[in-house]
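Okay, so here's the structure we're looking at.
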Amino acid sequence: MISQFFVLSQRGDNIVFRDYRGDVQKGSAEIFFRKVKFWSEDAEEEAPPVFNVDGVNYFHVKVVGLLFVATMRTNTSPSLVLELLQRIARVIKDYLGVLSEDSLRKNFVLVYELLDEVIDFGYVQTTSTEVLKSYVFNEPIVVDAARLPPLGPASLFMQGSKRMPGTAITKSVVANEPGGRKREEIFVDIIEKISVTFSSSGYILTSEIDGTIQMKSYLTGNPEIRLALTDELTIGRGGRSIYDYGGSSGSGAVILDDCNFHESVHLDSFDVDRTLSLVPPDGEFPVMNYRITQEFKPPFRINTLIEEAGQLRAEVMLKIRAEFPSSITANTIVVQMPLPKYTTRVSFELEPGAIIGGSEHTLRAKLTFSQELHGNITKEAGPVSMTFTVPMYNPSRLQVKYLQIAKKSKTYNPYRWVRYVTQANSYVARI
Amino acid sequence: MAPPPVYNQRSPSPSQPSGKGEVSDLKMQLRQLAGSRAPGTDDAKRDLFKKVISYMTIGIDVSSVFSEMVMCSATSDIVLKKMCYLYVGNYAKHNPDLSLLTINFLQRDCKDEDPMIRGLALRSLCSLRVANLVEYLVGPLGSGLKDSNNYVRMVAAMGVLKLYHISASTCVDADFPTTLKHLMLNDPDAQVVANCLSALQEIWSLEASKSEEASREREALLSKPVVYYLLNRIKEFNEWAQCVVLELVAKYVPSDSNDIFDIMNLLEDRLQHANGAVVLATIKVFLQLTLSMTDVHQQVYERIKAPLLTLMSSGSPEQSYAMLSHLHLLVMRAPYIFSSDYKNFYCQYNEPFYVKKLKLEMLTAVANESNTYEIVTELCEYAANVDIPIARESIRAVGKIALQQYDVNAIVDRLLQFLEMEKDYVTAETLVLVKDLLRKYPQWSHDCIAVVGNISSKNVQEPKAKAALIWMLGEYAQDMQDAPYILESLIENWDEEHSAEVRLHLLTAVMKCFLRRPPETQKALGDALASGLADFHQDVHDRAMLYYRLLQYDVSVAERVVNPPKQAVSVFADTQSSEIKDRIFDEFNSLSVVYQKPSYMFTDKEHRGPFAFSEELGSLSIGVESADNIVTAQRVEANDKDLLLGTSEKEESRGPGNNGSAYNAPAYDGSPALTAALQTQLDLVSLDHTPAASVSSTSLAIDDLLGLGLPVASTPAPPPPPALELNPKAVLDPNSFQQKWRQLPISISQEISISPQGITALTTPQALIRHMQGQSIHCMASGGQAPNFKFFFFAQKAKESSNYLVECIINTSASKAQLKIKADDQSTSEAFSSLFQSALSKFGLP
């Protein structure tokens, strides 16, 4: 039973604070914030999402730099509360269009309206954006997304990097377009986060795809939708070990290790024709999550060479090759390489240009050390890690064959957007 | 809501306005608007109300505008109403008198024709939390429960619970629980049903201590009709309500196996839910239902694996953390299920520390013969990582895997390589591990000491690591050339040593070193004892005093106390007893799993709620032993599966029991370090130097050093040895046993009879093992069932490491035993054989 819910800014200010049961002291937000802050100062470690101080359990998740916190005295399911906190963040985003400290502060009355209905006396009532619509009377004050301070490419991978990137849609589910009419449209994003670890000799040690089919619907009247996926889709690896891939089975078969679905999804014909049918609720939600450990071709190959050149010098050569078609361009690329502790100077040159498919880029750097290295230089540096986004490309080759919307009338033809995007989750090459 | 500063001493932070002037301004403006009916008033009020709420949120006390707020609330604007409700709910409790003002408009709103207004008003009315207003609640609640609109009924069901918390008697007297029960079983709206269920669970659990009827009602929630009714409607509930229902079902006791399969089939598709909370709640149901059906229970583990892994990798890091905690619990119960999925637990570089740490624990837990090599290789990568906390954890993980004794060979090499990396924190962590490793596998001392000897004690600063290094210096003083001198230099810096733990170890180490290499160490010992006696730390002082007096009393006794032969530690005590673990398992899908503690350890009694399975557990033995506390289990065979009797059944104690020290009690003979030595029945002195001369001379040296002029302690002459004396604390590791058994020829092989008493006493192998141990004959491995038992025993000559190995096969129906004896020293095998037979013949005698 949740006692309190609050949202804190990065500095620890209350942005909203709602007490549901009155059995946790009022100063809990301060206690919480101090604990989290000192946790990272003392031990250089991040506070875990759940901890207990004097009999009060504190749960928190980080979303866009804000802390969403729940407190309670009872013993309850941690995954329920953590999921709920994420969900509250998502609902708020659905209503405000943009989730940020600024938009929360401008709309806190609306947020209180939501919080009143999401939880009653500590028990979760609903987190459905759709259901909540009938209880919300405040108009959102929309924060212009374009005016937000540019977060830079790294923003996608900030706190809670596992959350899907905000799709380009920053429109509130309740706000009207300037023209007064709502635009009928639906977005389906196939987002694949890939994790690859290359050994020092370039072999793939581990690889995994965590995929999500994310939907955001602005359709009025909740028409039924049919979403057909790749025919050759198998689920479950049938107890086979992860080593026997049976070649790269070029036929385009997609083997999911496992998947799960949003509660609105009907799977009646999924086994027959790989079609999901659902009545999409308002707001953003994952239709399906899946996990693949089947071998796939990594989008980038990384080659690193680090060599000692004299007693206090070394040279690094970092080569990155894009192994996807040249029609595709990757963006927001960051390559990181930790250098030996005693490095005092680095000079490097980089070939300019965006990374388009098939191209190869090399970085050469000269390192100077303040003291002699003992032992193997490769043990002191690396591993190389990389973050990137590749739009219109997904390594699993899972495709949406069609997106069918039940027609209300002949003229009804809403916009449909099906987009693919691949992101690095943990893309590491050891040296 | 934000704290009114009156009740909270905190001063507003500089970035926030102090509020006094602002609040009185607000008060004025609200007054002006209260009576106004001019157009645009509502908009103006909205702006003002927003200001009030925003002050409230940041912690400014705005309770002084209470009456103005209430006056302004006469409006049909729902946004205004809601802000007003929010405000009132926050301050009513501390302004009970003013709250009375709100009753009127709230009661009126409860009768509004808009169900939304009715619901909101009822919710606010019930949220006032003012005891003397409860009389105004009963009426509106009663009609709310009967309202035609589901939203109002939903609010009313929760309202009953709120009323119960304000005044339990009012709630019970109005018979609301019965109404809720009726509603729960009949309402068409699933959320109303769910709220009734939540409210009833809470009310009846709290009432159960007062009334028997309530505890019967609480039981009735778990009856088959109620559980089936809820299960049949499971898909009508939203995901959160499903969790409530599933949590209830997990406590349901099924009537038969059909019952179990029906429920499991019905809930099967819940495992594919994207909400992790639903999946975990379902898993809990599956695990609890199948507890008594071993086969199905195993199938459940197989079934839940994939969904859990998906949730772990698809959710936010926070969700992954919750999932991993549960995976860890499961893997402790069934390590094999994830042994081929170990790659899922490799760390990703951008994961937060708390996720990585759990993943490392998972890797440690799933390590077995087939995957250890890969796992340790991966861990070594992390150990070289720039992320220092993770590097440390990874080294510890490698050590834990080594102590689980898979492929120790390769791991020791890796650990020693860590020492060559010359990073301070790596060295520190590794030293601690090497120490633990040596306590378990003394046979590695040669390799380890060679490397450890190269480490400069100046590079080791962390107390734990320093203590470990010092322990090794003392323990292996005879193998490390420089040991006395390193200790000496450490003692010179006694005053700069801040850690009492290190100083304690220093005292002990210098004692050990002295007993082995007296001339070289006597100065250091004298200095250490002098510093120790002057130490301000009580324990350090006491230990120095103990050593001093021991040396004064008798050096050979000191030898026995400080330097007894060590028995290898075969199992490091688990930090948790199996009872605790079972309890945590019962509380699956709760915080207990994350904290790794049962709920009674971290919640107040009144907040235990539906999770606590029984009330008082004060007497439970809580696993307080740290990993350093050791259990020298006497039965090595329990841990060495592959030794000799590959197929033999393990004794019952092989189960969860051998984790907790308490369980080995009856057969417990090996004793933790120092106390063992205090059992003075035997002479274990084996000095490298001639004892008499050096010992007495060094005693003199001490006396001189301390200037106390005490009489010289004389070493008593050892008693004349009997024909063959065995070492009661003999140690032999399984590998050496196996090796010896292969190498040595059979000296004696014969069949002997066993007395009838012996046969009757031999119900389990343990009985004989315990008996023989009393005769200084130790068991290496045992197995079998009546009538055939097979044992491997070993014994050692006292004072020299000459071993005797025995294979003994007993057939109880024939009352015969077949003996095969092998010995390092063939000449004494006859003597040993008769000793063994006489020991055996005493078995079963009173």
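The values are calculated or read from the model by the stated rules, or taken from the named source; none is laboratory data. Remember, predicted model here, so these are calculated numbers, not experimental data. We place every Cβ from the backbone using ideal geometry, glycine too, and count neighbours over all the protein chains shown.
Within the range A:367-388, is there a residue that is over 25 Å from A:GLU308 (Cβ atoms), buried (at least 19 other Cβ atoms within 10 Å of the Cβ) and not basic (Lys, Arg)?
Checked against the condition, which is being over 25 Å from A:GLU308 (Cβ atoms), buried (at least 19 other Cβ atoms within 10 Å of the Cβ) and not basic (Lys, Arg), the range A:367-388 yields at least one hit.
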Exercise for review: State all residues of the range B:30-67 that are exposed (fewer than 15 other Cβ atoms within 10 Å of the Cβ) and assigned to a loop (DSSP other than H, G, I, E, B); if no residue qualifies, say none.
Suggested key: B:GLY35, B:SER36, B:ARG37, B:ALA38, B:PRO39, B:GLY40
**Study point:** A:THR378 among the polar types (S, T, N, Q), within 14 Å of chain B (Cβ to nearest Cβ) and under 25 Å from the mean Cα position of the chain (by Cα)
**Key:** no
Point to revise | Which numbered condition A:MET392 fails, given (1) within 14 Å of chain B (Cβ to nearest Cβ); (2) on the phi > 0 side of the Ramachandran plot; (3) at pLDDT 85 or above | key: (1)
Exercise for review: Answer with yes or no whether A:THR368 is under 17 Å from A:ILE194 (Cβ atoms) and outside any loop (DSSP other than H, G, I, E, B).
Suggested key: no
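Output the helices (runs of 4 or more DSSP H) that fall wholly within the range B:136-211 and possess 1 or more residues being over 25 Å from A:THR76 (Cβ atoms) and either among the β-branched types (Val, Ile, Thr) or at pLDDT below 95 (or both), or say none. Step through it out loud before you land on a result.
Values: elements: B:150-166, B:168-173, B:176-186, B:190-207.
Output list reads B:150-166, B:168-173, B:176-186.
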Review point. How many of the residues in the range B:753-763 are over 19 Å from B:SER834 (Cα atoms) and buried (at least 16 other Cβ atoms within 10 Å of the Cβ)?
Key: 3
Practice item. Can you tell me which residue among B:LEU529, B:LEU515, B:LEU533 is under 24 Å from B:PRO442 (Cα atoms) and hydrophobic (A, V, I, L, M, F, W, C)? Key: B:LEU515
Check your understanding: Can you name every residue in the range B:247-269 that is under 22 Å from A:ASN260 (Cα atoms) and either among the hydroxyl-bearing types (Ser, Thr, Tyr) or facing chain A (nearest Cβ under 10 Å) (or both)?
Key -> B:GLU247, B:ASP269
Check your understanding: Given the conditions (1) more than 38 Å from the chain's Cα centre (by Cα); (2) within 14 Å of another protein chain (Cβ to nearest Cβ), and given that B:PRO598 satisfies all but one, which numbered condition is not satisfied?
Key -> (1)
**Study point:** Extreme residue, modelled with the highest pLDDT, among residues of the range B:348-373 that are surrounded by fewer than 19 Cβ atoms within 10 Å (Cβ to Cβ) and more than 14 Å from every other protein chain (Cβ to nearest Cβ)
**Key:** B:ASN368
Check your understanding: So which residues in the range B:497-514 are closer than 12 Å to B:TYR547 by Cα and among the hydrophobic types (A, V, I, L, M, F, W, C)?
Key -> B:LEU504, B:LEU507, B:ALA509, B:VAL510, B:MET511, B:PHE514
Check your understanding: What's the number of the condition A:ARG364 fails, among (1) buried (at least 16 other Cβ atoms within 10 Å of the Cβ); (2) more than 29 Å from A:GLU232 (Cα to Cα); (3) at pLDDT 85 or above?
Key -> (1)
Exercise for review: Please verify whether the range B:278-286 includes one or more residues that are away from every other protein chain (no Cβ under 13 Å), in a helix (DSSP H, G or I) and not β-branched (Val, Ile, Thr).
Suggested key: yes
Practice item. Tell me, please, whether a residue that is at pLDDT 90 or above and touching a Gly at 6+ places or on another chain (Cβ under 9 Å) can be found in the range A:48-62. Key: yes
Study note, to complete from the structure: Within the range A:1-46, the count of residues that are within 8 Å of chain B (Cβ to nearest Cβ) and of a type in the set (A, V, I, L, M, F, W, C) comes to 5
Review point. Only one of (1) within 14 Å of chain A (Cβ to nearest Cβ); (2) free of Cβ contacts under 8 Å to residues at least 24 places away in the same chain; (3) of a type outside the set (Lys, Arg) is not met by B:ASP61, so which one is it?
Key: (2)
Exercise for review: Go through (1) of a type in the set (Ser, Thr, Tyr); (2) in contact (Cβ under 8 Å) with a residue 60 or more places away in the chain; (3) more than 30 Å from B:MET601 (Cα to Cα) and name the single condition A:TYR135 misses.
Suggested key: (2)
Check your understanding: Going by the conditions given, is B:LYS343 without any contact (Cβ under 8 Å) to a residue 40 or more places away in the chain, facing another protein chain (nearest Cβ under 9 Å) and either part of a helix (DSSP H, G or I) or in contact with a strand residue (DSSP E or B) (Cβ under 9 Å, 6 or more places away or on another chain) (or both)?
Key -> yes
Exercise for review: Scan the range A:215-251 residue by residue and report those that are of a type in the set (Gly, Ala, Ser), surrounded by 12 or more Cβ atoms within 10 Å (Cβ to Cβ) and modelled with pLDDT of 50 or more.
Suggested key: A:SER217, A:ALA228, A:GLY236
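It is to be established whether one or more residues within the range B:298-307 are within 26 Å of A:SER426 (Cα to Cα) and facing chain A (nearest Cβ under 8 Å). Steps first, please.
Taking the range B:298-307 and keeping what is within 26 Å of A:SER426 (Cα to Cα), we get B:304-307.
In the following step, the residues that additionally are facing chain A (nearest Cβ under 8 Å) were identified as B:306-307.
Looking through the range B:298-307, at least one residue is within 26 Å of A:SER426 (Cα to Cα) and facing chain A (nearest Cβ under 8 Å).
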Review point. Can you pull out the residues in the range B:231-248 that are over 23 Å from A:ASP120 (Cα atoms) and crowded, with 18+ Cβ neighbours inside 10 Å?
Key: B:LEU231
Exercise for review: Go through the range A:281-294 and give me each residue that's out of contact with any helix residue (DSSP H, G or I) (no Cβ under 9 Å at 6 or more places or on another chain) and at pLDDT 85 or above.
Suggested key: A:VAL287, A:MET288, A:ILE292
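Quick check: anything in the range B:264-273 within 33 Å of the chain's Cα centre (by Cα), of a type in the set (Lys, Arg) and surrounded by fewer than 18 Cβ atoms within 10 Å (Cβ to Cβ)?
In the first step, residues of the range B:264-273 are kept if they are within 33 Å of the chain's Cα centre (by Cα); the result is B:264, B:267-273.
Subset that is of a type in the set (Lys, Arg): B:270.
Next, from what is left, pick out any that are surrounded by fewer than 18 Cβ atoms within 10 Å (Cβ to Cβ): none.
No, that holds for no residue.
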Exercise for review: Identify all residues within the range B:68-86 that are within 10 Å of chain A (Cβ to nearest Cβ) and either assigned to a helix (DSSP H, G or I) or within 51 Å of the chain's Cα centre (by Cα) (or both); write none if there are none.
Suggested key: B:ILE78, B:VAL79, B:LEU80, B:LYS81, B:LYS82, B:MET83, B:TYR85, B:LEU86
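Looking only at residues in the range B:440-467 that are in a helix (DSSP H, G or I) and in contact with a Lys or Arg (Cβ under 8 Å, 6 or more places away or on another chain), which one is surrounded by the fewest Cβ atoms within 10 Å (Cβ to Cβ)? Give the derivation first.
Residues of the range B:440-467 in a helix (DSSP H, G or I): B:440, B:442-452, B:457-459, B:463-467.
Imposing the further condition that a residue be in contact with a Lys or Arg (Cβ under 8 Å, 6 or more places away or on another chain) reduces the set to B:442, B:457.
Working: B:PRO442: 19, B:SER457: 16.
Filtering first and then ranking leaves B:SER457.
For the range B:481-491, does any single residue satisfy the condition of being within 14 Å of chain A (Cβ to nearest Cβ), surrounded by fewer than 21 Cβ atoms within 10 Å (Cβ to Cβ) and either under 18 Å from B:GLN567 (Cα atoms) or among the hydroxyl-bearing types (Ser, Thr, Tyr) (or both)?
Step one: filter the range B:481-491 for residues within 14 Å of chain A (Cβ to nearest Cβ), giving none.
No: zero hits.
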